[in-house]
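The values are calculated or read from the model by the stated rules, or taken from the named source; none is laboratory data. From a predicted model like this one, the values you see are computed outputs, not experimental measurements. With ideal geometry, Cβ positions are generated from the backbone for all residues, glycine too; neighbour counts draw on all protein chains shown.
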Amino acid sequence: MRAGRHLRLRRRLSRAFRLVCAATTWLGCGLLAVLLFHLVRDGFGRMNWEFLTSYPSRFAAKAGVKSALWGSVWLMGLTAAFSIPVGVAAAIYLEEYARRGRLSTLIHINIANLAGVPSIVFGILGLAVFVRFLAFDRSLLSGSLTMSLVILPVIIIAAREALRAVPDSIRQAAYALGATRWQTVRHHVLPAAAPGILTGVILAMSRALGETAPLIMIGALTYVAFVPEHPLDPFSTLPIQVFNWASRPQQAFHEAAAAGILVLLAVLLLMNSAAVLLRHRTQRYRRW
Amino acid sequence: MSAPKSLSRKLTRSAREEAVRGVLFICALISVATTVGILVVLAREAAAFFEHVPVADFLFGTRWAPLLEPRSFGVLPLVCGTFLVVAGSSLIAIPIGVLSGMYLSEFASDRVRGIVKPVLEILAGIPTVVYGYFALTFVTPQLARVFPDIHIFNAASASIVVGIMVLPMVASLCDDALRAVPESLRHAAYAVGATPFEVSMRVVFPAALSGVLASFVLAMSRAIGETMAVTLAAGVTPKLTANPLESIQTMTAYIVQVSLGDTPAGTVEYQTIFAVGALLFAITLSLNLLAHRILRRFREAYE
């Protein structure tokens, strides 16, 4: 009798626990819904063509994101140009060339640690090295070099994983036919790993798009009333513009900030869906 | 005739191999150079700062007023503000994160995982400045309904959004850790009549403890380094307080405040950002190394 009641209690406890777990999980997802709802309610009224094609202004009603949008485009382009080749090359060296020794362990630990360094610390480095020491000033060049350092560990880690997933049989087949190491990598391993690398790269770029603190450190400006035309031009970006508007007390600027966030999130969502789709496809069509 | 030709081709081929190897190696070294660069920059500028301010005054001083006369460089109020946010965000991220991870790994169907995982990824991918806006325009007004005397800038709303921000990381790391526990352990527990609750709490959870604990430490490290949300929501008044309804300032927010102003380079005020940055770097690095150690030290090895 007592055993039976005890068992019922245990089962009830188990069901309750499962329910609590499910509830908290959906609470987390619900937070996303609240966040999005709040943003759309605040910012949707400001979302129009004019908002995208106007420069920032002292008057909230006239303010737009044109210069910030172009600043972000420039920054993304330059950051991609610096960080992708270097990151992929570093990953190739570590996966395909390096002997498992002290140096490669050191580099490995170092990259893992860099990935955990707060982005603002990279900003301090960028300020000291690119802005002051190399005298690139508060330019797109300084910004994109700093941002490249922020996302480099992300790219290297993702690219290494993609390279590691390529089976050794492919390498051995290439070597057996007399290919050199670089030929093997260039013609066989890299194409096989490309979708995985690309997924990682897109995710890293979406991180770079939303990253704000390092750019504020290197002195990216919040009020830029022109479209940058040269890597040495000063610039603003979408998140910096959002930060500026959000830190003002007026409600009208908050609406502009919400609209800016909607633009930012739309671009991010596009990039992330591309990454997810790509991952899905590679998982389905993987030949090994 | 053909022998030297093929030989020279072989030579250029191996020369190219070597060149490629060299270039790849240099790229790999850039990450090491970055670390060295961070260390050198922080050490040099912080050393210059400590020529003016004794280390003990900096580390143990209780008043932070580097921009106002009389100046004072006690960093404790900033550290206090940072840890107030860390504590608050942990209160949110850790319980919700662990329970979500538990749900995802032990109970959820594949279909539910297919929905929740991408949502968590989206939450993790939202830029921090967005969370700052959310704290300022949504969380604080909601809190003000319950606590009418809350300051517009307060530690509570910053903590809440930072908690939401690190929640996906805790959830997915816990999920990974719990899923890494071999099925055979669960089967064994079910075979002796344990309920799902008992299996998850008494068998799977202890077996995955190292991964779960490491996720907490990493979450704290993320919360310490978090910048934009606390800059927007927590305020600019460095203060030794445990009251989350007050305006405070974190280390990161202070660094942003100085770099937004026009403090001339080379002054002591300017050097403070490197001193505070060095402290920030030291704290996050030790936490990351701690997480690494927990993972290695307490890992239960199976098979």
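Do any helices (runs of 4 or more DSSP H) entirely within the range B:160-268 hold 1 or more residues that are under 30 Å from B:ARG63 (Cβ atoms), and if so, which?
B:209-225, B:228-233, B:251-260
Looking only at helices (runs of 4 or more DSSP H) that fall completely inside the range A:104-188, which ones have 3 or more residues that are out of contact with any His (no Cβ under 9 Å at 6 or more places or on another chain) and closer than 23 Å to B:VAL217 by Cβ?
Per the criteria, A:119-126, A:140-164.
Kindly check whether there is at least one residue in the range B:71-88 that is of a type in the set (Val, Ile, Thr), loosely packed, with under 15 Cβ neighbours inside 10 Å, in a loop (DSSP other than H, G, I, E, B) and touching a residue at least 60 places away in the same chain (Cβ under 8 Å).
Checking the range B:71-88: not a single residue is of a type in the set (Val, Ile, Thr), loosely packed, with under 15 Cβ neighbours inside 10 Å, in a loop (DSSP other than H, G, I, E, B) and touching a residue at least 60 places away in the same chain (Cβ under 8 Å).
Looking at A:LEU94, is it without any contact (Cβ under 8 Å) to a residue 40 or more places away in the chain and either outside any loop (DSSP other than H, G, I, E, B) or touching an Asp or Glu at 6+ places or on another chain (Cβ under 6 Å) (or both)?
no
Assess whether A:ARG132 counts as being facing chain B (nearest Cβ under 10 Å) and more than 23 Å from A:LEU238 (Cβ to Cβ).
Answer is yes for this residue.
May I ask you to say which residue of B:SER157, B:SER184 is closer than 20 Å to B:LEU91 by Cβ, of a type in the set (Ser, Thr, Tyr) and in the same structural domain as B:ILE92 (by TED's automatic domain parsing)?
The unique qualifying residue is B:SER157.
Of all residues being in contact with a Gly (Cβ under 8 Å, 6 or more places away or on another chain) and farther than 22 Å from A:ALA115 by Cβ in the range B:214-240, which is nearest to the other protein chains (Cβ to nearest Cβ)? Just the residue, please.
Restricting to residues being in contact with a Gly (Cβ under 8 Å, 6 or more places away or on another chain) and farther than 22 Å from A:ALA115 by Cβ, the top hit is B:LEU232.
Table: residues versus (1) away from chain B (no Cβ under 14 Å); (2) closer than 21 Å to A:LEU264 by Cα.
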site: A:SER67; (1), (2): yes, yes
site: A:LEU75; (1), (2): no, yes
site: A:VAL88; (1), (2): no, no
site: A:ALA91; (1), (2): no, no
site: A:ASN110; (1), (2): no, no
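Filter the range A:23-39 down to the residues that are surrounded by fewer than 18 Cβ atoms within 10 Å (Cβ to Cβ) and touching a Phe, Trp or Tyr at 6+ places or on another chain (Cβ under 8 Å), then identify the one that is nearest to the other protein chains (Cβ to nearest Cβ).
A:HIS38
If the Cβ limit is 7 Å and pairs must be 6+ apart or interchain, which residue in the range B:97-111 that is assigned to a helix (DSSP H, G or I) pairs with which residue that is of a type in the set (Asp, Glu) and crowded, with 22+ Cβ neighbours inside 10 Å?
Short answer, once both residue conditions are applied: B:GLY101/B:ASP175; B:LEU104/B:ASP175; B:SER105/B:ASP175.
A:GLU95 versus (1) in contact with a Pro (Cβ under 9 Å, 6 or more places away or on another chain); (2) buried (at least 20 other Cβ atoms within 10 Å of the Cβ): which is the lone unmet condition?
Among (1) in contact with a Pro (Cβ under 9 Å, 6 or more places away or on another chain); (2) buried (at least 20 other Cβ atoms within 10 Å of the Cβ), A:GLU95 violates only (1).
So A:GLY219 fits all but one of (1) touching a Lys or Arg at 6+ places or on another chain (Cβ under 6 Å); (2) assigned to a helix (DSSP H, G or I); what number is the exception?
(2)
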